[in-house]
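> Following this message is one structure expressed as structure tokens.
None of the figures in this text is laboratory data; all of them are computed from the coordinates on show. Model, not experiment: these values are computed from the prediction. A quick note on method: Cβ atoms are made from the backbone with ideal geometry, for glycine too, and the neighbour counts reach across all protein chains shown.
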């Protein structure tokens, strides 16, 4: 789908953007740029590279530490410019995440002394996107801060998302099908071909059909005057189908050759070339999904026969009989197909069309209300349509499965950051 510059502009003008920001409640009044958008105050960093938070004479430096350990908070406190010992301060933090799961929305973190620092007792899993609420106590005095630490997050109103054709799905279990890609050809099902002869030799008195006519079983094709009895009898269609050959005209003798050929086009053969490297994996009964040019709907069937002799190119023909009542599958056309050679039930998977790159991660964008946020994925088995998720996403999460690049572009426009 092509997105016009107008529609993209509409997203950015009508959307409340909250992606990747950092603002604190202990800052001064928010500045506004020429377009009316807030300009975030520069975050003051401390000697350990963390965010400095100040309340009167008390200050706290807070950083996400991940050198040799999973990400965790480390904090250093000081009073009137003098660093305090870790056991002199009581500190706790609550992270409020974007989640529709109440149990996973809040991360409560307590701190214990670790050398000259206070060390959080909880791993800070990705994304590092949350509202940070901090409570500290020193010498009976309480101090509190709150700031937004958002990354990979944006907000798009429902009407705009619909206009941009952003589609979502629910992450959950599927049966992941392992497939092999093959090429093949649509052929006439010869089991549905009938050659029509005259019962008695005679003269063709009249003919009712021509090549290309659709006929029904029992329909009169021609009338013949018998040479012996001189009686006129009818030649009728033995099956439903299309007249694909007519070898006689009125006034001619019937002879012994077929007068008409009728082909039932309600089914066709799909002859697929399976090469030696895949031959042992393909079985009769295996599912087949066809990819036919200019036909968008899914066409599926099953392998009904595998030939016992090889073709000139050393491939073996695996055949599927496919319903063709709508007549869209024309014999003679070349096609591509996927043959299922294995099935793997997985507890959690997402569509590959939803995947995007974010920093060093492969992600999908979770949707909670009008907000979208990255979910960093650990991936497992995959096929052409699905990929197994081993970590980073909860089952039941609604995620963007089509046109996710629109979300990515919106987030990148704001300038994503990863604050430690």
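> For the pair residue 146 and residue 54, what calculated FRET efficiency results from E = 1/(1 + (r/R0)^6), where r is the Cβ-Cβ distance and R0 = 22 Å, to the nearest 0.05?
0.95
> By average Cβ neighbour count within 10 Å, what is the ranking of 199-207, 296-304 from highest down?
In decreasing order of mean packing, 199-207, 296-304 become 199-207, 296-304.
> Taking 41 Å as R0, compute the FRET efficiency from the Cβ-Cβ separation of residue 385 and residue 413 and round it to 0.05.
My answer for the efficiency is 0.90.
> Then there's this: Measure nothing fancy, just the Cα-based angle from helix 5-14's long axis to the longest principal axis of the chain, in degrees from 0 to 90, nearest 10.
40
> Moving on to the next point. Among 365-371, 282-288, 139-145, how do they line up from the highest to the lowest mean number of other beta-carbon atoms within 10 Å?
Going by the mean number of other Cβ atoms within 10 Å, highest first, we get 365-371, 282-288, 139-145.
> Continuing with this model, one more query. What FRET efficiency, computed as 1/(1 + (r/R0)^6) with R0 = 22 Å and r the Cβ-Cβ distance, is obtained for residue 249 and residue 199, rounded to the nearest 0.05?
Calculated value: 0.70.
> Identify which of the listed values of mean projected area of the Cα convex hull in nm² was calculated from the structure shown: [x] 31.2; [y] 21.7; [z] 20.0.
Computed from the coordinates, mean projected area of the Cα convex hull in nm² corresponds to [x].
> Shifting gears a bit: Using a 10 angstrom cutoff on alpha carbons, build the Gaussian network for the chain and name the most mobile of 125, 334, 233.
Of 125, 334, 233, the Gaussian network model singles out 233 as fluctuating most.
> What length, rounded to one decimal in nm, is gained on full extension from residue 230 through to residue 305, with 0.36 nm per residue of separation minus their alpha-carbon distance?
22.2 nm
> May I pose another question? How far is it, in nm, from the label point at residue 208 to the one at residue 162 when both lie 7 Å from their Cα along the line to the Cβ?
It works out to 5.5 nm between the two label points.
> So how tilted is helix 404-414 from the main axis of the chain? Cα-based, degrees 0 to 90, rounded to 10.
30
> Give me the distance in nm between label points sitting 7 Å out from Cα along the Cα-to-Cβ direction at residue 330 and residue 362, one decimal.
Once both label points are built, they end up 3.9 nm from each other.
> Right, here's the next one. What is the spin-label model distance, in nm, from residue 313 to residue 283 if the labels are put 7 Å beyond Cα along the C-beta direction?
Between residue 313 and residue 283, the label points sit 2.7 nm apart.
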